[in-house]
Every structure is written in structure tokens, then in C-alpha cells.
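See below for the structure under consideration.
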Amino acid sequence: MDNKKEDAYFARQIISNIDTIREYVKDMTYDDYISSQMVVDSTLFRLVQIGEEIKKLSPKFKFDNSEIAWGLILDFRNGIVHNYDHTDYSYVYEIITKNLNDLYAVCLNYINRL
């Protein structure tokens, strides 16, 4: 199995999902965000997808990029899936407007090195 090929695929998927999230929330304030259930649902779906893609990245990829809190991302994904009705939207908004940048950069740098 060629982990490099698989990691590249999942890194591209993560980048695509982050790009989509960014487009959904472009120019939205927190109040705009929480007032649109469609946008909230759509971004949560994309965050779950990112979590699924992270689960499939190789241990080497995660080790080589240990500055990313992989476990916290997976915990957050699990929280969305298993406790959807208790999701703190202020936390989600912070993640999608600030905290995805490092993950995006790691994935993009990896793809650019191939």
C-alpha cells in the first residue's frame, strides 16, 4: 500500500472541505452564521468529513505534522456526530474562521511537495 498516494488523496479532500467551509461562511459574522441553519448544518457536515479524512491519514503523516492536534480534531468530530444537539456553535464558528488555517497549511504544503 502506498501511504503517500493515500495521504495525498485525503490531504486534497481536507483542503477541498476547508475551501467549501470558507466559501459558506465568507463575510459572515457569528450572528449571521447562527441565524442560518442551512449554513450551520453544512459546515458541521464538512467538519465531520474532515474528521473522517483525518482518521484515514497514515500514522507517518500525523507524526510528521505533530503540530496539528489530531486527537482534538477527532474528538470534536465525535462530539458533532454523537451529541449534535449539544454542539456549541460559538466554538464551531471559531474553529471554522480561525483554527482550520494550520490544518489547511499542513495539507497544502504536503501536496505542494509531491
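The values are calculated or read from the model by the stated rules, or taken from the named source; none is laboratory data. Being a predicted model, the structure only gives us computed values, none of them experimental. Backbone-built Cβ (ideal geometry, glycine too); neighbour counts: all protein chains shown.
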Counting only residues that are more than 14 Å from ARG46 (Cβ to Cβ) and assigned to a helix (DSSP H, G or I), the range 85-102 contains a total of 9
The lone condition ASN112 fails out of (1) in a helix (DSSP H, G or I); (2) within 16 Å of the chain's Cα centre (by Cα) is (2)
Checked pairs for the range 32-53, first over 28 Å from ALA8 (Cα atoms) and in contact (Cβ under 8 Å) with a residue 40 or more places away in the chain, second of a type in the set (Val, Ile, Thr) and crowded, with 16+ Cβ neighbours inside 10 Å, C-beta under 7 Å and 6 or more apart or across chains, list as TYR33/VAL25; TYR33/VAL39; TYR33/VAL40; ILE34/VAL40
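Where in the range 1-81 are there helices (runs of 4 or more DSSP H), lying fully within it, with 3 or more residues that are at pLDDT below 95 and farther than 22 Å from TYR91 by Cα?
The helices (runs of 4 or more DSSP H) meeting that bar are 3-24.
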Return the pair list, or none, for Cβ contacts closer than 7 Å from residues in the range 1-24 that are more than 11 Å from THR43 (Cα to Cα) to residues that are among the acidic types (Asp, Glu), at least 6 apart or on different chains.
PHE10/GLU53; GLN13/GLU53; ILE14/GLU53
Criterion violated by ASP85 - all others in (1) without any contact (Cβ under 8 Å) to a residue 24 or more places away in the chain; (2) of a type in the set (Asp, Glu); (3) surrounded by 15 or more Cβ atoms within 10 Å (Cβ to Cβ) satisfied
(3)
Looking at (1) modelled with pLDDT of 95 or more; (2) farther than 18 Å from LYS5 by Cα; (3) touching a helix residue (DSSP H, G or I) at 6+ places or on another chain (Cβ under 9 Å), which is the one condition that is false for HIS86?
(1)
